[in-house]
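None of the figures in this text is laboratory data; all of them are computed from the coordinates on show. It should be emphasised that the depicted structure is a prediction, and the values quoted were computed from it without experimental measurement. Don't worry about glycine lacking a Cβ; one is built from the backbone with ideal geometry, like all the others, and counts go over all protein chains shown.
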Amino acid sequence: LFAGETDFLKGVVAMDGLPEADRIEVCFAGRSNVGKSTLINALTGRKALARASNTPGRTQEVNFFTLGDSHYLVDLPGYGYANAPLPVVEKWQALLKRYLSGRQNLRRAFVLIDTRHGVKPVDHEIMALLDSAAVTFQVVMTKADKLRGTALDDILAQVRGELARHPAAFPELILTSSEKGEGIATLRATIADLV
Ligand code: GTP
Ligand code: MG
């Protein structure tokens with residue numbers, strides 16, 4: 001699947017702009033700056049396909065990428081702190097929530113958690129929203145190159161404890177580093193296995 005063509009299709013600012021729900025879709029959600037756009041670039045092997053930056057609030061639209069002729073990858077605006085005016089942020093947050101709870105072809109939501117930070121209250125809220133909408137979600141730990149040893153084990157235990165509270169959670173998490181390429185093959189295989 002990932003050997004095929006990947007392309008940017010469109011950036012969407014309202015639900016009526018979503019492309020037809022005629023492909024298998026996965027999305028990447030998570031706090032601002034967690035590494036969503038960078039992960040899409042690592043998965044597709046295209047350094048600048050999704051726009052990433054160190055400024056939280058970089059991605060401001062729901063961005064659709066085509067993967068082969070069967071899948072969409074969706075890069076979402078971050079939640080939590082963003083370096084943008086409040087009314088603007090509130091507009092993306094509303095769209096994000098509507099998208100996550102109302103997209104019929106969404107097979108799995110990947111919820112990204114920064115390995116250094118673990119699950120925060122805003123992450124819990126998004127997971128609860130996915131529970132209510134019965135959208136299966138799977139946690140992807142990002143920036144694994146930044147933390148090792150018992151500190152990492154403690155965070156993973158915290159995340160697993162959180163997942164046990166969510167009926168829509170897929171029990172296995174995937175540890176990744178877009179920087180080092182760790183976990184990228186596993187995540188690709190997970191996406192390719194969704195039908
Ligand atoms: P928003 O669009 O603002 O919500 O952020 P995002 O989640 O898309 O984050 P983005 O991909 O733009 O990455 C944020 C910052 O984290 C950038 O400076 C990336 O280079 C850095 N980053 C992302 N993944 C990794 C990683 O695996 N390791 C390290 N060390 N840094 C990373
Ligand atoms: Mg982004």
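Scanning the range 166-187 for residues that are in a helix (DSSP H, G or I) and either of a type in the set (Val, Ile, Thr) or touching a helix residue (DSSP H, G or I) at 6+ places or on another chain (Cβ under 8 Å) (or both) yields a total of 3. Of all residues in the range 10-32 being touching a strand residue (DSSP E or B) at 6+ places or on another chain (Cβ under 8 Å) and either polar (S, T, N, Q) or more than 25 Å from Val195 (Cα to Cα) (or both), which is farthest from ligand 1 (Cβ to nearest atom)? Only one residue tops the list, namely Val13.
Which residue out of Ala29, Ala21, Ala14 is small (Gly, Ala, Ser) and in contact with a Gly (Cβ under 9 Å, 6 or more places away or on another chain)?
Unique residue meeting the criteria: Ala29.
Consider the range 113-136 and keep the residues that are among the β-branched types (Val, Ile, Thr) and outside any loop (DSSP other than H, G, I, E, B). The one that is surrounded by the most Cβ atoms within 10 Å (Cβ to Cβ) is Ile113.
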